[in-house]
1. When segment 93-129 is examined, which residues are found to be open to solvent by less than 80 Å² (accessible area, probe 1.4 Å) and of a type in the set (Lys, Arg)?
2. Is it true that some residue in segment 21-36 is more than 30 Å from SER198 (Cα to Cα) and buried (at least 17 other Cβ atoms within 10 Å of the Cβ)?
3. Have a look at HIS64, HIS55 and point out the one that is free of Cβ contacts under 8 Å to residues at least 40 places away in the same chain and of a type outside the set (Ser, Thr, Tyr).
4. State all residues of segment 187-213 that are closer than 21 Å to ILE125 by Cα and away from the ligand (no atom under 16 Å from the Cβ); if no residue qualifies, say none.
5. Do we find a residue being more than 16 Å from the ligand (Cβ to nearest atom) and at positive phi anywhere in segment 42-52?
6. Does any residue in segment 120-139 that is part of a loop (DSSP other than H, G, I, E, B) come within less than 6 Å, Cβ to Cβ, of a residue that is modelled with pLDDT of 95 or more and away from the ligand (no atom under 16 Å from the Cβ) six or more places away or on a different chain, and which pairs are these?
7. Quick check: anything in segment 84-92 surrounded by fewer than 17 Cβ atoms within 10 Å (Cβ to Cβ), closer than 19 Å to SER133 by Cα, more than 17 Å from the chain's Cα centre (by Cα) and away from the ligand (no atom under 16 Å from the Cβ)?
8. Going through segment 142-168 one residue at a time, which ones are outside any loop (DSSP other than H, G, I, E, B) and crowded, with 17+ Cβ neighbours inside 10 Å?
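The values are calculated or read from the model by the stated rules, or taken from the named source; none is laboratory data. Small disclaimer: the values here were computed from a predicted structure and weren't measured. Glycine also receives a Cβ, built like all others from the backbone with ideal geometry; neighbour counts cover every protein chain displayed. These area figures cover heavy atoms from the full protein model, side chains too; ligands, DNA and RNA do not enter into them. Shrake-Rupley method; radii C 1.70, N 1.55, O 1.52, S 1.80 Å.
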Amino acid sequence: MQENIDKALNLYLTTKGYSKFQLLTAMFDMDGVLFDSMKNHSYSWHHAMKHLGFHLSREEAYLHEGRTGAGTINIVSQRERGHEATQEEIQAIYQLKTEIFNQLPKAEPMPGAYELLQQVKASGITPMIVTGSGQKTLLQRLERNFPGIFKPELMVTAFDVKFGKPNPEPYLMGLQKGYQHFHPENSTDTVGTPRRLSPNNSIVIENAPLGVQAAVASGVFTIAVNTGPIPDAALLDQGANLLFPSMQALCDAWPALLHSIQTVTL
Ligand code: MG
């Protein structure tokens, strides 16, 4: 594994033209990374679609994680009927999906996630959230399950972005909020454009192919954790720089990984 880590870090620096990392933040996706919530999402997607005559397997639902509800519904509608769904159909399916989801037991924190976050914070790296979720209770839930880790101004949610993943926008917004945090007095340039941290100031932890695609497009070193039933290739093909089989595995590897990130130079 150490050999893989060193190779991945070197390849990233070479490709991007950096001589080293200067790590300040770590941007965590939420569903399927910090919470074991994807099985609830895939279950409710599968059953809502079925109720309205569409077939979306639970595994396929994982591959669409991060897409808007309408986007997912239209892909299935195109495949099965050759045309997009109507607004009414989209609303009906999405509403049913939400109802089913809300009846399921609340997702548990992912094993290893809190321990990893504590280690990250203790190493002086600032943990951030970058999620497509727009739940109003997000912050309370994060504070309850991961006390003392996250701050509201260091979170990117559905409310902050226009496009969402797989567009790089949410991770670029994460770099922007990171910059604001470290340089509050100087957060825009002379014409008022917000400044951003450099991609080599951060790393991303993602579980979904579309999330990896977004993170890679933002230029940040992207660590995939395959916490679902999808093949590793679905994440590696999107350009993930490293892959771990679980959050616990990433947590266990963190001390060695951080050491490599902080010492690698070209
Ligand atoms: Mg996710």
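1. Listed by number, the list holds a single entry, LYS97.
2. Of segment 21-36, the ones more than 30 Å from SER198 (Cα to Cα) are 36.
If we keep only those that are buried (at least 17 other Cβ atoms within 10 Å of the Cβ) as well, we get 36.
Within segment 21-36 (the criterion being more than 30 Å from SER198 (Cα to Cα) and buried (at least 17 other Cβ atoms within 10 Å of the Cβ)), the answer is yes, since at least one residue qualifies.
3. None of the others qualify; the one that does is HIS55.
4. Once the filter is applied, which keeps residues that are closer than 21 Å to ILE125 by Cα and away from the ligand (no atom under 16 Å from the Cβ), segment 187-213 yields SER187, ARG195, ARG196, LEU197, SER198, PRO199, ASN200, ASN201, SER202.
5. No: zero hits.
6. Qualifying pairs under 6 Å: SER123/LEU258; ILE125/LEU23.
7. yes
8. LEU142, ASN145, LEU154, MET155, VAL156, ASP160
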